[in-house]
Each structure stands twice: as structure tokens, then as C-alpha cells.
């Protein structure tokens, strides 16, 4: 409550709010801040300033610069033809089959791998959560794939699927070369993604499992719920915030899929993701304009997905208050 | 509704610890029974075994005459109220209370009717569409009770249901729980560590300690005739005073002075196996300002007054008497009681707590003449903790 207000008007407002029963409801209204509050707010800004400055330097600037580049015809192979073309690059990219093919591939990989990861991750999380004997060992071994560098893991997948020498290739299709066909190559890419990041999903979900009080599950079993009913009707709703966070993190992560594709197929047979073709245009092709346009489009996709998660599903960052209030 | 019988029920864990040692207990149909004891005494484990949330290692548990050892909690038809209330946060009050009925695939209309009825009894009607997060502690507690009663189960199990409420609300809810239980007449097992709750609520109270039942009885019996030091010290607030006494040439040497042996005490101590060194237990209300009881039989002594707390109806007077004495016989019961009372955090209590009439004129700092009702004192064997005075009463009765 504002009792230390300085202006006469504010003092009157203070009188009004004092009469209200619940102080937190009063603060929701616009009213002049007391001196102490203002000081606190100023200190808050000052403390944030260094971090905010670094953020601007390393993220805001590149984002704005690539947006600026995306509005230009700018190919380093033809530096003289640099020209400001407004949104022409966007028309070019969005009207191009390769982009849409890559976009489709990315979406397919994202959706399929995230869904499977969620199911497997939940299973793994439950196992890790419930294990009583050798808990440390179980958790450590479950996390090994996540601990391996993605490129290294991708190479081991490639060798495993190389015809003649790879054991998986020999086992599954001794005649063919799975990495050279679109469907099987995509399946292998998705498999590698799942293998690699399920532990991460499981970790996030395990944090969610820890949020479910034991008493709640006991109460549910006393109320007559079977194991499956306890899982679906009690555990999942309580874990929902953690599940959404895990989904958001993994979706955004999967959308940027690059290393696995780069190593496994290098984008052959229409297996490129949007990150791959952006890289090919920007770094290999030195076409700064088109490459930047693709980067901006990827950025927009990520932003839209994050927006949908946060606004529509009410995902909150772990630990923030909003999540628990829902 | 049903009776509950525990027949040598034991709980031990793989690592060898035994939480409950072969408990025998018969709970009658419709009875309100309280399991009370300090933390770690096995009361919650016992309750969980009745609920089916923990396996019974050996022994038999019968509900309504039927062995239920191997039945899942949901097949035992008993409801439980938890200390944390364990309300489903994603469901409204109505959904919370309807949950067990919906799982039982009951008809929707009937569910509604039952929920409304329970809500009316518990005065929750206007909160039915709220989420638990928007309720106060007392309301949440009532929702938890509501979820238990809508099912009309064979028995209620309550695990410290009032411990999370503030003191005033706890007293209110205590009477409400008691009234509700009488109204429904459902067998109820109630776990608490609070002896006041145990005394006020239960038809019978089971005092437990370290996995063993110490004594079972109605509250007054436990208070008047505790079988051992532990029960004596645990039941009653303020707690019973304990003094070391020594039997010497027909007198009881105590820090208060030499007490004459009344016939009652004499007969106890004449038994051949009676030890020389004993612990005497005196309840605070068995003291009185000597001025007010001139001429009454008893023992009178003088002691400096440390502190006077006036409660209006009577006065708690703390007397400076060395109750620890140099040669206090060691007793595990007393050590455990001290630990339960938070002995580690508080300075060791030394002195007598007495409850005198409000008319008493004793003043802090001055000496007071205090009368002690020798007929009411208890004598305990320090090595076993047994109440020796009780033996004589049982023999006489």
C-alpha cells in the first residue's frame, strides 16, 4: 500500500486503496509508485542492464542485420549487383519448390520425432523416477546418447547404415543402401534424432514427475483409480506445465535440425531441412540475400511456434509463477 | 460400515528395519479410534497398511470379517483423508468430490445428487465450481472430507487431517470432524501426533511408540491410569511431572522432601521385586496452594516460585525444584519423551509445573507452600517404565 506518496493526489489515492480489503488487488490498478518502489525498479533496471546489453549485441544485432540483408539482392559472387529489392527475395524463396520441400521435411522430422520422443521420454522418465535400485546407474546410462556430440553420434549412425560395413545396414537391408533413398533416409534421420534427444526429453519430464505429490497418487488409488487412470487423470494434468515446456524446447530444437542431416545424407534425395538449405545458400553459395531471407523465415517459424505454445497452451518457463496459477 | 481387525500385523522393510511389531487391535463397527504417538512410532505405517498403500509383511488384516491383506486399495472400499488434503489441482471442487464416484461408473445424476448432498453437509455449496488453489486451508480440508464421505465407504482413514490448519481453525474443525463422524457412524481410524486431538476426538485412543502399542483405552483411562512412563508423559498437557524418589526406611526420599508411605503406596512397594529407586509422576492439577486446603490429607512442602501463568480459571505455577537430582535413574522412556517434546532444541526442563486454583496468592520470586495429593501420584519402575501403582489398583479392583 502506498503510504509514502509525495503528491497530494497520490495521498488521496492511498486513502482509497487502504480501504480495500485485499492489497494485491489494489496494486493491479494504475497508481503512482511510492519513492521506495521507484528506487527498487531503477535498481532492477540497472542490475539487468549488463545482461540486456550483451543480449542486444549478440542476438538483436545479427537478427536485424540479417533482416536488412534479406531485403537486398546480395550475392558475394556478384558483388557489383548489390541492390535493395524490398521483399523480392521472399517472393523468390516462398515461390520455390526446394524451400517448400525442405520445409515439409523439417516439419515431418519435427512432428514425428517430437511425438515419439514424448512417448519414449515419458516412459524413460517413469523408469528413472521409479527405479529404486541402481538409480544412479540407470540415469547415467539413459543419458549417454545425450552426452555424445551430435556430429560424432551422427557419424556412428552413418557407419552403421553404410552398406557392406555397417551392421544395421547388413541386418535390415543387406541388398539396398537405405541412406540413398528418401523415405528410408528420412526414417534414419528421425531415428538418430530420437535416439539422441529422448534422454533430454526424459530429463525435463522427470522434473515434471517430481512435481506430482505422492499423496495425490495415493489419494487417487484410494479413490479407486487404476494405474492407467492415475497416470492419465492425475499425473498428466499436474505435469502439464512441464510437458509443455519439454515440447516447446524440443520442437524448437528439432526445427533447427542440421548436424544429423549434414552427416547422414548431406541433404541428398530431398532430405534437406530448412537449416540445411539456408546454410547451403548463405555459406556455400555465398548468396547473402537469399540465405538471410531463409534465416529470417526460420526465425519467424520459430517465433510463431513459441507464440502458439506460450499464448495458446499457456506454457510458462520452469519456475515462473504463471504456470502454477493456471 | 465394518469393523477392522489387525491380527499380529507387522511391517518390516528389506533393510531389516521393523516399523510395526505385530500389532493386535480390534476396531469396532462405527468406532472412532485414534492412533497417537511421536513421529516414527509406526502410526502412519499402520494406517497405510489398513489403506493398502503399504504391504503387510506378516499378520492378518480383516475388514468386515474379510481378509484384505492382498487387496488393492481401491478394492477395500475405504476412504482416506491426507494431511496435505491431496486434492486434484486440475479439477474443481465438484469434480474432486465426484472423482471416486465417476471412477466407480456411477450414474451421472446420482453422482450430482451425492456431491450436492455432501457439499451441503460440509457447507461447500458455494465453492463447488472453484479450483482448490482458490480455497482457504479450512475449505480444502472440507473438500478432502467431502471426497471421502460421498462414497459412503466402509471406513474412513485420516492421516493427521488437521495438522496443516492454524490453531483456531483446527479446534473448530476438530468439533466438526467429531460431529460428522457421529452423524455418519462410519468406522474411523485417525492418526495424529497431537495428544489433545487424540483426547478430544476418540472413543478410544491407541498410544504407539517405536512400532509397539503401549496402551489402548478411552481417553480418561489413559489419563488416569497410564500403564507406563511413556503414556503418562505423552498424554496430558502440561505434561506430568516426574521426580526421582528413593525408598529408604519406610519413607520416599524425593526432591520435595521425605514423603510418608500411604497404605496405597506401601502395598505397591511391599512387593518383593519393587526397586529401591523409582520415578514418581504427579499431574499438575494434583498440587494445590496449601493455604486453600488446610486440614486435608496429603503432603505439604515449600518451594521457590519461578513463574506464574494466570489462565483466569486457574494458575500454572512453575516451582524451582531440582527434579533432575544427582542420582536420577536413567529411563529410556523419559529420554524419548524429551526428544519428542523437542528436547534437543529447548533447554532441559527442570522444575515442577503445578496447576493451582485461581484464588491462590503465590507470587513469583517468593516461596510458596504447596500441597500434594499423595493419593494421585504414580510410581514407575525406571528400568521398565511400568506403572507400579496401577498393579495395585488392578489387583484391588
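Given the criterion touching a residue at least 60 places away in the same chain (Cβ under 8 Å), surrounded by fewer than 19 Cβ atoms within 10 Å (Cβ to Cβ) and within 14 Å of another protein chain (Cβ to nearest Cβ), identify the matching residue among A:211, A:244, A:236. Answer to the selection: A:244.
Considering only region B:103-120, I want to know if a residue exists there that is touching a residue at least 40 places away in the same chain (Cβ under 8 Å) and outside any loop (DSSP other than H, G, I, E, B). Among the residues of region B:103-120, not one is touching a residue at least 40 places away in the same chain (Cβ under 8 Å) and outside any loop (DSSP other than H, G, I, E, B), which makes the answer no. The set of residues from region B:214-226 being in a strand (DSSP E or B) and in contact with a strand residue (DSSP E or B) (Cβ under 6 Å, 6 or more places away or on another chain) comprises B:214, B:215, B:216. Hey, does region B:14-21 have a residue that's at pLDDT below 90, within 14 Å of chain A (Cβ to nearest Cβ) and in a loop (DSSP other than H, G, I, E, B)? Yes.
Counting the residues of region B:80-121 that are surrounded by fewer than 20 Cβ atoms within 10 Å (Cβ to Cβ) and within 9 Å of another protein chain (Cβ to nearest Cβ) gives 7.
Kindly evaluate residue B:71 against the criterion of being over 25 Å from the mean Cα position of the chain (by Cα) and within 30 Å of residue B:133 (Cα to Cα). It is false that residue B:71 is over 25 Å from the mean Cα position of the chain (by Cα) and within 30 Å of residue B:133 (Cα to Cα). One residue stands out among those in region B:60-79 that are within 12 Å of chain A (Cβ to nearest Cβ) and part of a strand (DSSP E or B): the one that is farthest from residue A:219 (Cα to Cα), which is B:78.
Just wondering, is there one or more residues in region B:126-137 that are over 24 Å from residue A:228 (Cα atoms), crowded, with 18+ Cβ neighbours inside 10 Å and facing chain A (nearest Cβ under 10 Å)? No, region B:126-137 contains no residue that is over 24 Å from residue A:228 (Cα atoms), crowded, with 18+ Cβ neighbours inside 10 Å and facing chain A (nearest Cβ under 10 Å). Going by what's in this entry, would residue B:25 be described as outside any loop (DSSP other than H, G, I, E, B), under 21 Å from residue B:184 (Cβ atoms) and at pLDDT 90 or above? So residue B:25 does not fit the description; no. Taking residue A:199 as the residue in question, decide whether it is more than 30 Å from residue A:294 (Cα to Cα), out of contact with any strand residue (DSSP E or B) (no Cβ under 9 Å at 6 or more places or on another chain), in contact (Cβ under 8 Å) with a residue 24 or more places away in the chain and within 14 Å of chain B (Cβ to nearest Cβ). Against the criterion (more than 30 Å from residue A:294 (Cα to Cα), out of contact with any strand residue (DSSP E or B) (no Cβ under 9 Å at 6 or more places or on another chain), in contact (Cβ under 8 Å) with a residue 24 or more places away in the chain and within 14 Å of chain B (Cβ to nearest Cβ)), residue A:199 does not qualify. Among the residues of region A:64-93, those identified as under 25 Å from the mean Cα position of the chain (by Cα) and surrounded by 14 or more Cβ atoms within 10 Å (Cβ to Cβ) are A:66, A:67, A:70, A:90, A:93. Checking each residue in region A:208-231 for being within 29 Å of the chain's Cα centre (by Cα), in a helix (DSSP H, G or I) and either within 12 Å of residue B:88 (Cβ to Cβ) or not assigned by TED's automatic domain parsing to the domain that holds residue A:128 (or both) picks out only A:230.
The values are calculated or read from the model by the stated rules, or taken from the named source; none is laboratory data. If you're wondering where the values come from, they're calculated on a predicted model, not measured in any experiment. Every residue, glycine as well, gets a Cβ built from its backbone with ideal geometry; the counts of neighbours run over all protein chains shown.
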